[in-house]
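See below for the structure under consideration.
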Amino acid sequence: MKWLVNLCRFILAGVFIFSGFVKAVDPLGTQYKLQDYAEAVGLAGMLSDWLTLGGAVALATFEFALGIYMLFAIQRRRASKVVLAFVAVMALVTLWIAVWNPVEDCGCFGDAVKLTNWQTFGKNVVLLGAALVVARHPLLMPRFVSKTNQWIVKGYTIIFTLVVSAISLYLLPLFDFRPYHIGADLRKGMEIPEGVEQPKFETTFVMKKNGETREFTLENYPDSTWEFVDRKTRQTKAGYVPLIHDFSIEQRPDGDDITEQVLDDQGYTFLLIAPHIEQADESNFGDIEKIYEYALEQNIPFYCLTASGEEATRKWSERTGAEYPFCTTDPTTLKTIIRSNPGLVLIKDGRVVNKWSHNALPDDELPQGRLETSPLGQVPSDPAAKKVMKILLWFVLPLFLLTLADRLWAWTRWFRWKKKRTSYQFNKQKTNKMRKKIVAGNWKMNMNLQEGIALAKELNETLTAEKPNCDVVICTPFIHLASIAQFLNQDVIGLGAENCADKEKGAYTGEVSAEMVKSTGAGYVILGHSERREYYKETPEVLREKVLLALKNDLKVIFCIGESLEEREAGKQNEVCKAELEGSVFNLSEEEFKNIVIAYEPIWAIGTGKTATAEQAEEIHAYIRSIIAEKYGQAVADNTSILYGGSCKASNAPELFAKPDIDGGLIGGASLKAADFKGIIDAWK
């Protein structure tokens, strides 16, 4: 199961990291996909661009961070549940997409990996199975970084993702997975092998006139009185689709197709890309003009490709003074070519030489002479390898070094602890022999007065005749105390109450004060039992008052602590026990604390027949002793008796009592029969 859980963990981590990263390096592409989804559900135009862009960055950060959380096993329970919920939702969404086909590509891996809608659904079904396995057994995932250092991984991951998204938005995506990437041969991308069936597409033109908006096809294209708004191309028949299938350039105003002319030109061509020029950033129009003037000087063709209508281009020219020619191209194609509005593309002989965002135009790098002699006119050499190296240096390497340092420190600390533990064992065994061993019986609400007296007499006779090797205490209901105290040999068996009031005296009908308990001849009192906490809602504050009053009346306190099954399964047993001690007894002075006996009772093992293993019990007892040492010092901790109180019986008592930090037991049901109780007491022999 551990191997299976971690296999599923690494599959989920890999998929989420890859999916989040390809979205982070292309947030505009993710934004376009979100807008496609919005259009599919009828929300087109209702969501602002800032909202969809923010959603794109948030989705990338969320997925990438979840992947890192799974990889490093950070917040294992919560992260595994979030992953399960997210994958379940995405499985339902992709099932809807596969059945109804509202979008042709779900965009889960951006442009890096294209999957059909049914392939995407199948992928999510596999991930859902893996997420179920991990969510069922999250604690089987070992941590790569200790809990104290996980905040570094979490913070660095989020910052890294946001920085990558910001750089990709301001400049261009760090990695370009589209068919128009730098170095791509556009003509080769448009080739269709001979003999294959070709798909058919239908182009729809959105036009506006007198406030009315309508869609037209080529067959019923309207006259010039209609204003162009948008153009959409959809596939009507399946077939072989080349990587580049919708790239065309129509020169304005005559509408001549100059695609072949541009691609076949063996010289350079500048293409200024503005999918919707009315939304284009015009803050750098001076740099664009400078490049255009250089192109005129060098006889390099310069075109502005846009899907906007004549009115939008006219306004752009008026605002910026643009004199370059405008051409019409499909808006989706333009958004695919470059993730910038506007953006600049340099091509030569049909090949993409370089691309620039409007925020990083090469106006200051233009050569004095021909472009062929400048680095700007050359395809950058191996840019992808340099980018991968930067990612490794800025993200992977720091996390690797952190993990290595964390693990080395953890191993070093473990070796130091092991050495200290080994050297401490002998002294601890000696101290253990000096510490009081106690077997205490908690009768709870059982037996009437006559039955209780009979049991107490039997125990008194048996243990007086055969001296026990430990202290024995019986804690009885209030009505038994005075009667039993009269004949009980308290040199052999101590007497205690099961509770006392949190008030010293007064009008508290039905309550029994610590002073009253002491007056019966009792010397002990049980406080903080899980049944009192659960059924009677005794809070740490109430228990603190009870403890103080018990000690004031010279009663020794058997103070109970322990966790529920849910808390044990959540790994919070240490946290719970520490909180219960801090809430009610760690306020005592060192001298007062010497009159406290701790009883660890796993609530899930009380009266259920379940018992913590000897190893589990020893582990938590050792932890309890360690936090007592932190509070009062090692000497006090070494002399504090800590009892185990969870379904302890004669059969398992010897194994439990053999552990160095277990000093006896607080016995419930097994203390109601003399033979059973004596069997547990004899475990000390």
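The values are calculated or read from the model by the stated rules, or taken from the named source; none is laboratory data. Being a predicted model, the structure only gives us computed values, none of them experimental. Glycine gets a Cβ as well: all are built from the backbone with ideal geometry, and neighbour counts include every protein chain shown. Surface areas here come from the heavy atoms of the whole protein model, side chains and all, with no ligands, DNA or RNA. Shrake-Rupley method; radii C 1.70, N 1.55, O 1.52, S 1.80 Å.
How many residues, within the range 303-331, are modelled with pLDDT under 90 and under 18 Å from LYS290 (Cβ atoms)?
Summing the residues that are modelled with pLDDT under 90 and under 18 Å from LYS290 (Cβ atoms) in the range 303-331 gives 0.
Within the range 227-254, how many residues are open to solvent by less than 40 Å² (accessible area, probe 1.4 Å) and not in a strand (DSSP E or B)?
Residues in the range 227-254 being open to solvent by less than 40 Å² (accessible area, probe 1.4 Å) and not in a strand (DSSP E or B): 6 in total.
What pairs come up if the first residue lies in the range 107-133 and is farther than 16 Å from GLY29 by Cβ and among the charged types (D, E, K, R), the second is part of a helix (DSSP H, G or I) and at pLDDT 85 or above, and their beta carbons are under 9 Å apart, counting only those six or more places apart or on different chains?
LYS123/VAL15; LYS123/THR94
Which of the following residues is of a type outside the set (Phe, Trp, Tyr) and farther than 28 Å from THR213 by Cβ: ALA322, ALA312, ALA295? Break it down stepwise before answering.
Numbers: ALA322 fails: farther than 28 Å from THR213 by Cβ; ALA312 fails: farther than 28 Å from THR213 by Cβ.
On inspection, the qualifying residue turns out to be ALA295.
Any residue that is more than 26 Å from GLN279 (Cα to Cα), surrounded by fewer than 21 Cβ atoms within 10 Å (Cβ to Cβ) and hydroxyl-bearing (Ser, Thr, Tyr) - is there at least one of those in the range 324-334?
no
Among ASP246, ASP257, which is closer than 29 Å to SER340 by Cβ and out of contact with any Phe, Trp or Tyr (no Cβ under 9 Å at 6 or more places or on another chain)? Spell out how you get there, then give the answer.
Working: ASP246 fails: out of contact with any Phe, Trp or Tyr (no Cβ under 9 Å at 6 or more places or on another chain).
Within the list ASP246, ASP257, the selection yields ASP257.
Which of the following residues is over 25 Å from LEU656 (Cα atoms) and open to solvent by less than 20 Å² (accessible area, probe 1.4 Å): SER530, SER589, SER584? Steps first, answer last, please.
Details: SER530 fails: over 25 Å from LEU656 (Cα atoms); SER589 fails: open to solvent by less than 20 Å² (accessible area, probe 1.4 Å).
SER584 is the lone residue from the list that is over 25 Å from LEU656 (Cα atoms) and open to solvent by less than 20 Å² (accessible area, probe 1.4 Å).
Quick one: which of THR509, THR539 is exposed (fewer than 14 other Cβ atoms within 10 Å of the Cβ) and under 16 Å from PHE559 (Cα atoms)?
Values: THR509 fails: under 16 Å from PHE559 (Cα atoms).
Exactly one residue qualifies, and that residue is THR539.
Quick test for you: out of LEU527, LEU488, LEU495, LEU481, pick the one residue that is farther than 28 Å from SER584 by Cβ and of a type in the set (A, V, I, L, M).
Values: LEU527 fails: farther than 28 Å from SER584 by Cβ; LEU495 fails: farther than 28 Å from SER584 by Cβ; LEU481 fails: farther than 28 Å from SER584 by Cβ.
When all the criteria are applied, what remains is LEU488.
Could you tell me how many of the residues in the range 612-647 are of a type in the set (Phe, Trp, Tyr) and either open to solvent by less than 10 Å² (accessible area, probe 1.4 Å) or within 18 Å of GLY668 (Cβ to Cβ) (or both)?
Of the residues in the range 612-647, the ones of a type in the set (Phe, Trp, Tyr) are 623, 632, 644.
If we keep only those that are either open to solvent by less than 10 Å² (accessible area, probe 1.4 Å) or within 18 Å of GLY668 (Cβ to Cβ) (or both) as well, we get 644.
Final tally of qualifying residues: 1.
Return the only residue of ILE596, ILE561 being in contact (Cβ under 8 Å) with a residue 60 or more places away in the chain, surrounded by 18 or more Cβ atoms within 10 Å (Cβ to Cβ) and not hydroxyl-bearing (Ser, Thr, Tyr).
On the way: ILE596 fails: in contact (Cβ under 8 Å) with a residue 60 or more places away in the chain.
After ruling out the rest, the residue left standing is ILE561.
Return the pairs, sorted by first residue and then second, in which the second residue is not polar (S, T, N, Q), the first residue lies in the range 382-403 and is open to solvent by 50 Å² or more (accessible area, probe 1.4 Å), the beta carbons are less than 6 Å apart, and the residues are 6+ apart or on different chains.
What qualifies is LYS387/LEU174.
In this structure, is ALA40 touching a Pro at 6+ places or on another chain (Cβ under 6 Å) and more than 30 Å from TYR156 (Cβ to Cβ)?
On the way: touching a Pro at 6+ places or on another chain (Cβ under 6 Å): yes; more than 30 Å from TYR156 (Cβ to Cβ): yes.
Spelling it out, ALA40 is indeed touching a Pro at 6+ places or on another chain (Cβ under 6 Å) and more than 30 Å from TYR156 (Cβ to Cβ).
Can you tell which of VAL196, VAL241 is more than 26 Å from TYR303 (Cα to Cα), without any contact (Cβ under 8 Å) to a residue 60 or more places away in the chain and more than 44 Å from the chain's Cα centre (by Cα)?
Just one listed residue meets the conditions, VAL196.
Residues that are among the acidic types (Asp, Glu) and within 33 Å of the chain's Cα centre (by Cα), at least 3 per element: which helices (runs of 4 or more DSSP H) completely within the range 534-626 meet that? Can you show your working first?
Numbers: elements: 540-552, 565-569, 573-584, 590-593.
So the answer is 565-569, 573-584.
Yes/no matrix, rows are residues, columns are (1) at pLDDT below 75; (2) farther than 30 Å from ILE158 by Cβ; (3) in contact with a strand residue (DSSP E or B) (Cβ under 6 Å, 6 or more places away or on another chain):
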site	(1), (2), (3)
PRO367	no, yes, no
GLU372	no, yes, no
GLY377	no, yes, no
LYS390	no, no, no
TRP394	no, no, no
PRO398	no, no, no
ALA410	yes, no, no
ARG421	yes, yes, no
LYS436	no, yes, yes
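Which of the residues belonging to the range 258-281 are under 22 Å from ALA322 (Cα atoms) and open to solvent by 70 Å² or more (accessible area, probe 1.4 Å)?
Residues satisfying the conditions are GLU278, GLN279.
With (1) part of a strand (DSSP E or B); (2) surrounded by fewer than 18 Cβ atoms within 10 Å (Cβ to Cβ); (3) not acidic (Asp, Glu) as the list, and LYS290 as the residue in question, which single condition is left unmet?
(1)
For the range 125-148, which residues satisfy the criterion of being under 13 Å from TYR69 (Cα atoms) and open to solvent by 30 Å² or more (accessible area, probe 1.4 Å)?
Correct list: PRO142, ARG143, PHE144, LYS147.
Looking at the range 209-218, is at least one residue within 28 Å of LEU171 (Cα to Cα) and surrounded by 12 or more Cβ atoms within 10 Å (Cβ to Cβ)?
Kept after step one, since they are within 28 Å of LEU171 (Cα to Cα), are these residues of the range 209-218: none.
No, the conditions are met nowhere in the range 209-218.
Scan the range 460-482 residue by residue and report those that are touching a Ser or Thr at 6+ places or on another chain (Cβ under 9 Å) and open to solvent by 10 Å² or more (accessible area, probe 1.4 Å).
Of everything in the range 460-482, those that are touching a Ser or Thr at 6+ places or on another chain (Cβ under 9 Å) and open to solvent by 10 Å² or more (accessible area, probe 1.4 Å) turn out to be ASP471, PHE478, ALA482.
Can you tell me which residue is nearest to MET445 (Cα to Cα) among those in the range 648-674 that are assigned to a helix (DSSP H, G or I) and open to solvent by less than 20 Å² (accessible area, probe 1.4 Å)?
First, pick out the residues of the range 648-674 that are assigned to a helix (DSSP H, G or I): 653-657, 669-671, 674.
Add one more test, that the residue is open to solvent by less than 20 Å² (accessible area, probe 1.4 Å), and what stays is 653, 656-657, 671, 674.
Working: ALA653: 24, LEU656: 26, PHE657: 27, SER671: 12, ALA674: 17 Å.
Looking at residues that are assigned to a helix (DSSP H, G or I) and open to solvent by less than 20 Å² (accessible area, probe 1.4 Å), I get SER671.
Of the conditions (1) modelled with pLDDT of 85 or more; (2) not in a strand (DSSP E or B), THR269 clears all except one; give me its number.
So the condition that THR269 fails would be (2).
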